[in-house]
Amino acid sequence: MTDALMIARIDNDHRRFRDIVRGRIRENLRKYVSRGDMVARKGKDSVTIPMPQIDIPRFIYGDNEDGEGGVGQGEGEVGDKVGGDPQEGSGSGKAGEDAGDKEVEVEVSLEELAEILGEELGLPRIEPRGDKNLETVRDKYTGLRTTGPESLRSFKATFQRALKRQIASGTYDSGKPMIVPVREDRRYRSWSEQPKPESSAVIIYMMDVSGSMGDEQKEIVRIESFWIDTWLRSQYKGIESRYIIHDATAREVDRDTFFSTRESGGTMISSAYRLCSDLIEEQYDAENWNIYAFHFSDGDNWSVDDTSTCLKIMRETLFPQVNQFGYGQVESPYGSGQFVKDLRSAFGDEEKLVCSEVKAKDDIMDSIREFLKGGR
Amino acid sequence: MPPVSWSTTPELAELQEEIQGYASGYGLDFFTTIFEVIDYRQICEIAAYGGFPVRYPHWRFGMEYDRLIKSYSYGLSKIYELVINTDPCYAYLLDGNRWVDQKLVMAHVYGHCDFFKNNSYFSHTNRKMIDGMANHAVRVRRHMDRVGVNRVEEFIDVCASLDNLIDPWCKYRESLPSQAPGAEGEGGGDDADEELAKLRSGKNYLESYINPPEFLESQRKKNEDEAARMKRIPPHPERDILAFLLTHAPLEPWEVDVLSIIREEAYYFLPQMQTKIMNEGWATYWHSKIMTAKALKDDEIVDYADVASGVTSMGPTQLNPYKIGVELYRDIEDRWNKGQFGPEWERCARLDEKESWDKQLGLGRDRIFEVRKLYNDVNFIDEFFTEDFCRRQKFFMFAKNRRSGDLQIASREFAQIKQKMLHQLTNAGQPFIFAVDANYMNRGELLLAHRHEGVDLKLNYARETLKNVEKVWRRPVSILTVIDDKPKRIRYDGREIGMSDETAAADYVL
C-alpha cells in the first residue's frame with residue numbers, strides 16, 4: 001500500500017466524524033447560542049461541546065455506590081484526598097474506565113465554530129481594509145542556558161550534563177550508574193524573541209452598567225459579545241478587544257470587570273462614546289485598523305441633551321473611523337428603551353450603524369445576524 | 001530463531017538483529033517480527049484502527065484518530081509503540097524518535113510478541129488478521145456500494161453498540177462434544193429408567209429402598225423441566241448474544257455479514273482486554289531487562305530512565321497496567337527464586353523468618369514463563385496479588401466523598417482492594433448479559449437478562465443499547481436487571497421505552 005492511500009483512508013473516517021459533529025452543532029446551534037454554557041467552556045482556541053449522542057452506547061456498568069472509585073497507589077491515610085480528576089483516570093488502565101460518568105466532549109476550534117455560525121446565519125465574509133505588517137515580539141522557548149529560575153530547570157538536560165562530566169572525570173561507574181548533578185551541571189530552558197504579525201482589527205465593547213442593567217441583561221451582552229468576537233476573530237488574523245463600561249462616567253476596564261461590574265447611578269452614554277472616540281484617535285489609526293464598536297445598553301439615557309451629544313460624536317468622529325458601529329439594546333424592566341428610537345430617527349439608513357433589539361436570550365441569534373450580515 | 005526480517009534502514013535492521021539476539025538469549029519465543037518506521041499521523045491512524053493498516057470505513061475510527069492527534073499535539077500523550085498480534089508480527093517505530101527510544105521499543109515489542117505467541121488466551125486468535133481486517137473492509141465497502149453508505153453505517157452503529165455481548169468461553173465451549181438433546185440416551189437398555197437415574201436392584205423387594213419413589217418423582221420433574229427448557233430458545237441462557245442474533249434475528253444477508261464481521265473482530269480483540277496487565281507487564285519486564293542488562297549504552301541512560309519511569313509511573317487514581325504487571329512478575333520471580341510459596345510458606349506466621357526466607361530454589365525465571373503462558377489478568381491478580389505485595393506497593397482503594405465530591409482514600413484493607421480490582425477485571429470490566437428467551441410472553445419478543453453483581457447498569461446507555469437490540473431483533477425487546485436493589489424490566493417496543501418492576505422471580509438461572 002502506498003502512503004497516499006493510507007492517509008486518504010483515515011481522512012475519510014475523520015471527515016465523516018467531523019461532519020457528524022458539525023451536523024449536531026448546526027442542529028443545536030440556536031440552543032448553544034442562547035445558552036451561556038458555550039462561553040464558559042471556552043479554551044484558548046477552542047470550545048468543548050458535550051455531545052452525549054455521539055458516543056456508542058453499550059451495556060456497561062454505571063456508577064452507583066460500588067462502581068465509583070477504584071484502586072490507586074501511593075502514600076496517604078484513609079480519608080486523605082487523592083489528587084487527580086477521576087474522569088481523567090481512563091487514560092491508561094481499564095480500571096479507571098468506569099470511574100467517571102463521562103459525556104463525550106467534542107472539541108471544536110473557534111474557527112470551525114465561527115464557520116458553522118457563518119454558514120447557519122448566512123454571514124458574508126469580511127473584506128479587511130488596510131494592510132498592516134506591524135509585528136510584535138513574542139517569547140518562545142528555544143534552547144538551554146546555564147542560568148535561570150529554578151522553575152525552568154530542565155531535569156533531563158541537567159542529568160545529561162552531569163553524566164557527561166562524570167564520564168569525563170572518570171567518576172562514573174557503569175556497573176552502578178549513579179548520577180549526581182552539581183551546581184555547574186544545571187541547565188535551564190531559555191527563550192528567544194520571535195516576531196509575530198500583529199493584529200489589524202480592534203473591537204471596542206461598551207456597556208451600560210447603570211442600575212437598570214441587571215444580571216440577565218449582562219448575561220445577554222456576554223453571550224452576544226462572545227459570538228461577535230468568535231466571528232470577527234475568524235475573519236482577521238489577530239484581533240484586539242477593548243472594554244469600556246459606563247454609567248454617568250466611563251472608564252476602560254479588563255474583560256472580567258466588563259462582565260461582572262454592576263454600578264448604580266445615572267446614565268450618560270456620551271461619556272462612553274467620547275472615551276471610545278479618544279481611544280480610536282490615540283491608538284487606532286483608521287487607515288490601518290479595522291475598527292468595530294459595539295455598545296449595549298437598555299436604552300435609557302439621562303437627558304435629551306446627552307443624547308444629542310452622543311449623536312454628534314457618532315456623526316463626527318466615530319462613523320468616519322469605524323467599519324461598523326453596533327448598538328444593541330437589551331430590554332430591561334427599568335429602561336425606557338428610548339435611545340434606539342433616537343438613533344433610528346437621527347441616522348435613518350446610515351450604513352455604518354446597525355441597531356438591534358434583544359428582548360430575551362432567544363433573540364441573540366437574530367441579533368447576531370443583524371449585526372454581522374453587512375459583512376463590513 | 002526466526003530470521004531477522006526487513007526493516008526500513010540498515011542501521012535499524014542491525015539494531016533489530018542485536019535486540020532480537022538478546023530476546024532469544026533470554027528464551028523469548030516469538031513470531032517473525034517486522035518493524036516499520038512511520039510518522040506520527042500514520043501511527044495515530046493505525047492506532048485508531050486498533051493496530052491495523054486497513055479497517056472497514058466507520059466514523060468512530062475517525063473520532064479516535066481525532067482524539068489521538070489532539071492529545072499528541074497538546075502534549076498530553078504520545079504513542080511509543082504499536083504492535084499487533086499476527087504472524088508475522090508487525091510493529092511500528094516512530095520516525096524521528098531517538099535511537100535509545102527505538103531500542104526500548106524493540107525490546108518492548110519482543111516481549112509482546114512472545115506473549116501473543118505463547119499466552120493460551122491468544123491461542124484461538126486468527127494470526128492472519130491483517131488479511132482478515134482487509135477482507136472485512138472490502139466486504140463492508142461492497143455492501144455500501146450496493147445498499148448505500150448511510151444504511152450500512154447506521155447498521156454498523158447498531159452492531160458496534162452490541163459488540164461487548166460475547167462469550168469469552170465460547171471458543172473453548174465449541175471444542176467440547178455437543179450436548180444436544182438425545183445425545184445421552186444411547187447406551188441401550190431401558191431409556192426411561194436410565195433417564196431417571198434408576199439403579200438396578202435385581203430384587204423386587206429392594207426396589208423401593210434403592211429407588212425411592214420420591215426420588216424418582218423429583219427426577220421425573222427435573223427431566224420434564226429440562227425438556228421444557230430444551231424447547232425454549234435458547235435452551236440455556238446464552239452469553240454470545242451476537243451469535244444468537246445472527247442465528248435467530250430476521251436479518252438481510254448483508255446485515256448478517258456485517259454483524260458477523262463485528263462479532264469476529266470482537267473475539268479477535270477479546271484476549272487483549274483479558275490480558276492487559278499481564279501483556280504490558282511482560283513487555284515492560286523484558287524491555288527493562290534487555291535494556292539495563294544488555295542494550296543500553298552509557299550515554300543513553302538518562303534518556304532511558306526518563307522514558308522508562310514515565311511508562312511505569314502511576315497516578316494516585318489510576319491503575320497503570322505496565323507498572324502493576326511488571327512489579328507482579330518481579331515479585332513472582334523473586335518468590336520462586338527464594339522458595340516463598342507453598343503450604344510451608346503459607347503456614348509460617350513469623351515475620352522475621354519470612355523476611356529472611358531463601359531456599360535458593362532459583363525457579364523464578366521458569367515460573368514467570370509458565371505464568372505468562374497460562375494466566376489471564378483475573379487469575380493472575382487472584383493468585384499473585386498477595387497481601388505482602390499490596391502493602392509493599394502501597395495500594396489503596398479510593399472513593400468519592402459524597403459530600404465534598406473529592407476522591408478520598410477509602411481503605412487500605414487488602415481484601416477490599418483485591419475485591420475491587422478483581423471486580424474491575426472480571427469479564428474485562430463488562431457486565432454479564434444473557435439472551436434468555438426468544439419467544440418471551442409467547443409473542444416473539446426477545447428477553448435479555450443482566451446478572452447483577454452489585455453494580456447497576458448505566459441506565460441511559462442501557463436504554464439506548466436496548467433500542468439498538470430492537471433494531472436487530474425487529475420485535476420488542478426487554479432486559480431484566482436490578483436497579484437500586486429492586487428487580488426491574490426495561491422494555492422497548494420500537495416506539496417507547498418503559499420500565500416496570502419485575503415481581504415474578506425470574507426462572508432463568510444465569
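So if I check each of A:248, A:272, A:286, which one is assigned to a helix (DSSP H, G or I) and out of contact with any Leu (no Cβ under 7 Å at 6 or more places or on another chain)?
On the way: A:248 fails: assigned to a helix (DSSP H, G or I); A:286 fails: assigned to a helix (DSSP H, G or I).
On inspection, the qualifying residue turns out to be A:272.
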Residue B:462 versus (1) buried (at least 22 other Cβ atoms within 10 Å of the Cβ); (2) in a strand (DSSP E or B); (3) of a type outside the set (Val, Ile, Thr): which is the lone unmet condition? (2)
With (1) in contact with a Leu (Cβ under 8 Å, 6 or more places away or on another chain); (2) touching a residue at least 60 places away in the same chain (Cβ under 8 Å); (3) surrounded by fewer than 17 Cβ atoms within 10 Å (Cβ to Cβ) as the list, and residue B:401 as the residue in question, which single condition is left unmet? (2)
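Yes/no per residue for (1) closer than 26 Å to residue B:262 by Cα; (2) hydrophobic (A, V, I, L, M, F, W, C):
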| site | (1), (2) |
| --- | --- |
| B:417 | no, yes |
| B:422 | no, yes |
| B:453 | no, no |
| B:473 | yes, yes |
| B:484 | no, no |
| B:488 | no, no |
| B:501 | no, no |
From the list B:206, B:216, B:319, pick out the single residue that is surrounded by fewer than 18 Cβ atoms within 10 Å (Cβ to Cβ), modelled with pLDDT under 95 and either within 11 Å of another protein chain (Cβ to nearest Cβ) or touching a Leu at 6+ places or on another chain (Cβ under 9 Å) (or both). B:216
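Select, from B:13, B:48, the only residue that is in contact with a Lys or Arg (Cβ under 9 Å, 6 or more places away or on another chain) and either in contact (Cβ under 8 Å) with a residue 60 or more places away in the chain or not polar (S, T, N, Q) (or both). Spell out how you get there, then give the answer.
Details: B:13 fails: in contact with a Lys or Arg (Cβ under 9 Å, 6 or more places away or on another chain).
Criteria check complete, one pass: B:48.
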Lone qualifier among B:406, B:437, B:382 - being more than 8 Å from chain A (Cβ to nearest Cβ), more than 23 Å from residue B:163 (Cα to Cα) and not β-branched (Val, Ile, Thr): B:382
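Which residue is surrounded by the fewest Cβ atoms within 10 Å (Cβ to Cβ), if the candidates are limited to region A:193-227 and must be part of a strand (DSSP E or B) and modelled with pLDDT of 80 or more?
A:203
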If residue B:93 passes every condition in (1) part of a helix (DSSP H, G or I); (2) hydrophobic (A, V, I, L, M, F, W, C); (3) touching a helix residue (DSSP H, G or I) at 6+ places or on another chain (Cβ under 9 Å) but one, which one does it miss? (1)
Residue among B:412, B:443 that alone is at the interface with chain A (Cβ under 8 Å from one of its Cβ atoms) and more than 20 Å from residue B:483 (Cβ to Cβ): B:412
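Please pick out the residue among A:323, A:290 that is of a type outside the set (A, V, I, L, M, F, W, C) and buried (at least 23 other Cβ atoms within 10 Å of the Cβ). Walk me through how you get there before you give the answer.
Working: A:323 fails: buried (at least 23 other Cβ atoms within 10 Å of the Cβ).
Of A:323, A:290, the one residue that is of a type outside the set (A, V, I, L, M, F, W, C) and buried (at least 23 other Cβ atoms within 10 Å of the Cβ) is A:290.
Does residue A:178 count as within 29 Å of residue A:337 (Cβ to Cβ) and of a type in the set (A, V, I, L, M)? So that I can check it myself, show each step before the final result.
Values: within 29 Å of residue A:337 (Cβ to Cβ): no; of a type in the set (A, V, I, L, M): yes.
Here the answer is no, as residue A:178 does not meet what is asked.
Among the residues of region A:326-364 satisfying the criterion of being within 22 Å of the chain's Cα centre (by Cα) and buried (at least 21 other Cβ atoms within 10 Å of the Cβ), which is farthest from residue A:267 (Cα to Cα)? Talk me through it step by step, then tell me what you get.
The initial filter retains those residues of region A:326-364 that are within 22 Å of the chain's Cα centre (by Cα), namely A:326-328, A:361-364.
Restricting the remaining residues to those that are buried (at least 21 other Cβ atoms within 10 Å of the Cβ) gives A:326-328, A:364.
Details: A:326: 19, A:327: 16, A:328: 16, A:364: 24 Å.
Of everything passing the filter in region A:326-364, A:364 is farthest from residue A:267 (Cα to Cα).
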Looking at (1) surrounded by 14 or more Cβ atoms within 10 Å (Cβ to Cβ); (2) away from chain A (no Cβ under 14 Å); (3) within 27 Å of residue B:117 (Cβ to Cβ), which one does residue B:362 not meet, given that it meets all the others? (1)
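Of the residues B:46, B:69, B:79, which single one is more than 10 Å from chain A (Cβ to nearest Cβ), hydrophobic (A, V, I, L, M, F, W, C) and more than 24 Å from residue B:293 (Cα to Cα)? Explain how you work it out, then say what you get.
On the way: B:46 fails: more than 10 Å from chain A (Cβ to nearest Cβ); B:69 fails: more than 10 Å from chain A (Cβ to nearest Cβ).
Sole residue among the options that is more than 10 Å from chain A (Cβ to nearest Cβ), hydrophobic (A, V, I, L, M, F, W, C) and more than 24 Å from residue B:293 (Cα to Cα): B:79.
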Residue pairs within 6 Å by beta carbon, gap of at least six or interchain, first lying in region A:289-306 and within 20 Å of residue A:211 (Cα to Cα) and without any contact (Cβ under 8 Å) to a residue 12 or more places away in the chain, second in a loop (DSSP other than H, G, I, E, B) and aliphatic (A, V, I, L, M), listed first then second, are none
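Per-residue answers, yes or no, for (1) on the phi > 0 side of the Ramachandran plot; (2) out of contact with any strand residue (DSSP E or B) (no Cβ under 9 Å at 6 or more places or on another chain); (3) part of a loop (DSSP other than H, G, I, E, B); (4) not assigned by TED's automatic domain parsing to the domain that holds residue A:210:
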residue: A:317; (1), (2), (3), (4): no, yes, no, no
residue: A:325; (1), (2), (3), (4): no, no, no, no
residue: A:329; (1), (2), (3), (4): no, no, no, no
residue: A:334; (1), (2), (3), (4): no, yes, yes, no
residue: A:341; (1), (2), (3), (4): no, yes, no, no
residue: A:345; (1), (2), (3), (4): no, yes, no, no
residue: A:357; (1), (2), (3), (4): no, no, no, no
residue: A:362; (1), (2), (3), (4): no, yes, no, no
residue: A:368; (1), (2), (3), (4): no, no, no, no
Can you name the condition, by its number, that residue B:57 falls short on among (1) touching a residue at least 12 places away in the same chain (Cβ under 8 Å); (2) not in a loop (DSSP other than H, G, I, E, B)? (2)
Across region B:278-308, what is the total count of residues that are in contact with a Pro (Cβ under 8 Å, 6 or more places away or on another chain) and either surrounded by fewer than 18 Cβ atoms within 10 Å (Cβ to Cβ) or in the same structural domain as residue B:322 (by TED's automatic domain parsing) (or both)? 1
Only one of A:310, A:276 is crowded, with 20+ Cβ neighbours inside 10 Å, out of contact with any strand residue (DSSP E or B) (no Cβ under 6 Å at 6 or more places or on another chain) and under 22 Å from residue A:347 (Cβ atoms). Can you tell me which? A:310
Residues of region A:228-260 being buried (at least 16 other Cβ atoms within 10 Å of the Cβ), polar (S, T, N, Q) and free of Cβ contacts under 8 Å to residues at least 60 places away in the same chain, which ones? A:241
Report yes if residue B:151 is basic (Lys, Arg), within 13 Å of chain A (Cβ to nearest Cβ) and surrounded by fewer than 20 Cβ atoms within 10 Å (Cβ to Cβ), otherwise no. no
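The values are calculated or read from the model by the stated rules, or taken from the named source; none is laboratory data. All values derive from a computational prediction rather than experimental measurement. Here the Cβ is made from the backbone with ideal geometry for all residues, glycine too, and neighbour counts use every protein chain on show.
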